[in-house]
Amino acid sequence: MSLFLSIAALFLLGNQHSEHMHEYVEAARYFYSLPAELPANTTAPKKQAPLFYVNIPVEPRFRPNMRIFHTSAPTLTSTGTKLIALTFDDGPSKKETPRLLDILKTERVKATFFVLGKNAEAHPEIIKRAFAEGHEIENHSWDHKDLTKLSQEQLLKEIRQTDEVIERLTKRIPLFLRPPYGTLNKALEQWSTYDLVLWSIDTKDWQHHDSTYIQEYILKHVKDRDIILLHDIHATSVDTVSTLIPILKEQGYTFVTVEELLSEKIESSHKTLVIQHG
Ligand code: NI
């Protein structure tokens, strides 16, 4: 019965966001119209948006092309609202992530989790909870290898394995890949089926383990449309969030997920690409 309800809910959500789906269906059609083999260095002309066509034989996905976001939202026009995206990497952590989710729930703030596939596999209930509570779950590779040092086959495995776990647990295809260490190369740009998302504020929280320092660093550098990099595997980082959010709210910031920040779809608090599993 609950399975039936889940499927019914997916259909309803799917219909609700049919406009959103449309873009992806169009994109998928475009993918199929591409020639079977593209030259190795095929890129979009320079003056257009920075698109990199995915080469063959990547399995068809809803994201046939990709953009690279090095910092905060380069393609946005101003909406007059100060936006900020909190992002948490390397989790989920059995101990710290649920504590973070409690804080985010209390503050009614949505965040983006760039999870490791192996940790998602180990803690499926945390991924499900985070997604159910409106957070975005994105891909941070399987086990945090430097993707630029891998063969094409290894690289695809790192991405796809993680993709599969996230998709199985959330029924949503991740939209973004954040490569471990933020390292990029041409192979990754060509072979990733995702938009690559880095960050604009790096607190180096993994190095400092000092919640006061992390908070002061963020408050000193924060600006509209920043993507803040934190790690939900460190207690001090989670501690920071509980005191940081009220201050940023007071300064007029609205918290959004990365998808919301980059797509300007902030009117709806929770837009999700729902896919149907047959
Ligand atoms: Ni990481």
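The values are calculated or read from the model by the stated rules, or taken from the named source; none is laboratory data. This structure is a prediction, so every number in the text was calculated from the model and none was measured. Because the Cβ atoms are built from the backbone with ideal geometry, glycine has one as well, and the counts that use them run over all protein chains shown.
Candidates in region 83-97 are the residues that are assigned to a strand (DSSP E or B) and within 13 Å of the ligand (Cβ to nearest atom); of these, the one that is surrounded by the fewest Cβ atoms within 10 Å (Cβ to Cβ) is 89.
Taking region 112-130 as the range and being among the small types (Gly, Ala, Ser) and either more than 15 Å from the ligand (Cβ to nearest atom) or in a strand (DSSP E or B) (or both) as the test, the residues that pass are 122, 130.
Taken over region 129-143, the criterion of being of a type outside the set (A, V, I, L, M, F, W, C) and over 15 Å from the mean Cα position of the chain (by Cα) is satisfied by 129, 133, 143.
Six or more apart or on different chains, Cβ under 7 Å: which pairs go from a residue in region 176-187 that's at pLDDT 80 or above to one that's within 14 Å of the ligand (Cβ to nearest atom) and of a type in the set (Phe, Trp, Tyr)? Could you list them? Qualifying pairs under 7 Å: 178/114. Just checking, how many residues over region 73-123 are at pLDDT 95 or above, more than 18 Å from residue 174 (Cα to Cα) and among the charged types (D, E, K, R)? Count: 8. The helices (runs of 4 or more DSSP H) located wholly in region 131-224 that include 1 or more residues which are more than 16 Å from the ligand (Cβ to nearest atom) occupy 152-170, 186-191, 211-221. Residues that are out of contact with any Cys (no Cβ under 6 Å at 6 or more places or on another chain), over 29 Å from residue 252 (Cα atoms) and of a type outside the set (Val, Ile, Thr) occur in region 131-139; there is at least one.
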